[in-house]
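First the structure, in the form of structure tokens, and then the observations on it.
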Amino acid sequence: VDQKTTLASHASVPGAIIKEGMIYLYFVDVATDGVAEKIGLMTSKDNGLTWSNKTAVKFTGTGNKVPVDPAPFLMDDGKIRLYYFDINEGRSGTKTTNKIYSAISPDGINFTQEEGIRFAKNDIFDPFVLKDGSTWRLYVGQIEGNSVVSATSADGLTFTEEGTAYTGGAVPFVHKEGETYYLFTAGINIATSTNGSKFTTTGKSFVSGAGKVTADPSVLKLTDGTYLMFYKQQ
């Protein structure tokens, strides 16, 4: 893997999709100088060679929620659904039932909260969603056991827990190629699965060429068949 340019500072948990030839890269714009976390967006029209300036995603109907850990999904109608974790709930100071929510946007910038809760479980964070045929799959990191939990849905809105998909890593991203599911977790370690519900480590990992810690992986398959990885480096 070639080392690429730093896209944003004070940023984490990237997630990207391609819509009409443009890459939409979402990430947590980490709080600095007393300013609360927000979700940032950068776009690229040339497969990641050059990028727009950073802008802040706007939400309507979220109330006092603070969306973080964005997981974008391109809908069939061209809208972008953003699954997210509310960091306000994670700051309660007690063991909580954390919740994954979603918001929808026609332009990738202005999002409207969707009703209801997508998934809830103690101490979960960092959602990732993919659609596999008619089945939606949600993967979330769980603090306990440093693990990844999977859940499935028929509509992308109501997810039912399937079980622990992987132990020994969290902050999940999953890519399906052919009949194989590839799970990337913070580290960045790589595991595989034939059914999407149980993963086995490959013993392989990605390490920064700069010798720094890598985390929060997101892998995007480009239109030319190559892959682009986004990650946090610290």
How much accessible area per residue does the chain have, in Å², with a 1.4 Å probe?
48 Å²
Farthest positive-ward along the chain dipole, Cα basis, beta-carbon charges - from Tyr182, Phe159, Gly196:
Tyr182
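Per DSSP helix of 4 or more residues, -39500 (n - 2.57); summed, then divided by the residues of the chain. What does that give at 222 nm, rounded to the nearest 500? Don't jump to the answer; show the numbers that get you there.
Values: 1 runs with 4 residues, N = 234.
It lands at 0 deg cm²/dmol.
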Could you work out the per residue convex hull volume over the alpha carbons of the chain, in cubic angstrom?
131 Å³
Interatomic Cα distance distribution for region 151-234, bins of 5 angstrom, percent:
3, 14, 21, 23, 20, 12, 5, 1, 0
Coarse-grained scattering of region 131-180 at q = 0.13, 0.26, 0.31, 0.32 Å⁻¹, given as base-10 log I(q)/I(0) from a Debye sum over alpha-carbon atoms
-0.31, -1.01, -1.14, -1.16
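If you build the Cα gyration tensor of region 53-160 and take the root of 5 times each eigenvalue, what three semi-axes come out, in whole angstrom, biggest first? Before the final figure, lay out the partial values.
Details: eigenvalues 92, 68, 27 Å².
Values for region 53-160, descending: 21, 18, 12 Å.
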For Thr200 and Glu162, extending 7 Å from Cα along the Cα-Cβ vector and measuring point to point gives, in nm, a value of 1.7 nm
Percent of beta bridges antiparallel (DSSP, the chain, rounded to nearest 5)
95 percent
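If packing is taken as the average count of other Cβ atoms within 10 Å, what order do 40-46, 147-153 fall into, highest mean first?
On the way: 40-46: 17.0, 147-153: 21.1.
Ranking, from highest mean packing down: 147-153, 40-46.
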Take each of the peptides 171-179, 136-144, average the number of other beta-carbon atoms within 10 Å over its residues, and list them starting from the highest.
136-144, 171-179
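The values are calculated or read from the model by the stated rules, or taken from the named source; none is laboratory data. These numbers come from a predicted model, not from an experiment. No Cβ is skipped: glycine too gets one built from the backbone with ideal geometry, and neighbour counts run over all protein chains shown. The area values use the complete protein model at the heavy-atom level, side chains included, leaving out ligands, DNA and RNA. Shrake-Rupley method; radii C 1.70, N 1.55, O 1.52, S 1.80 Å.
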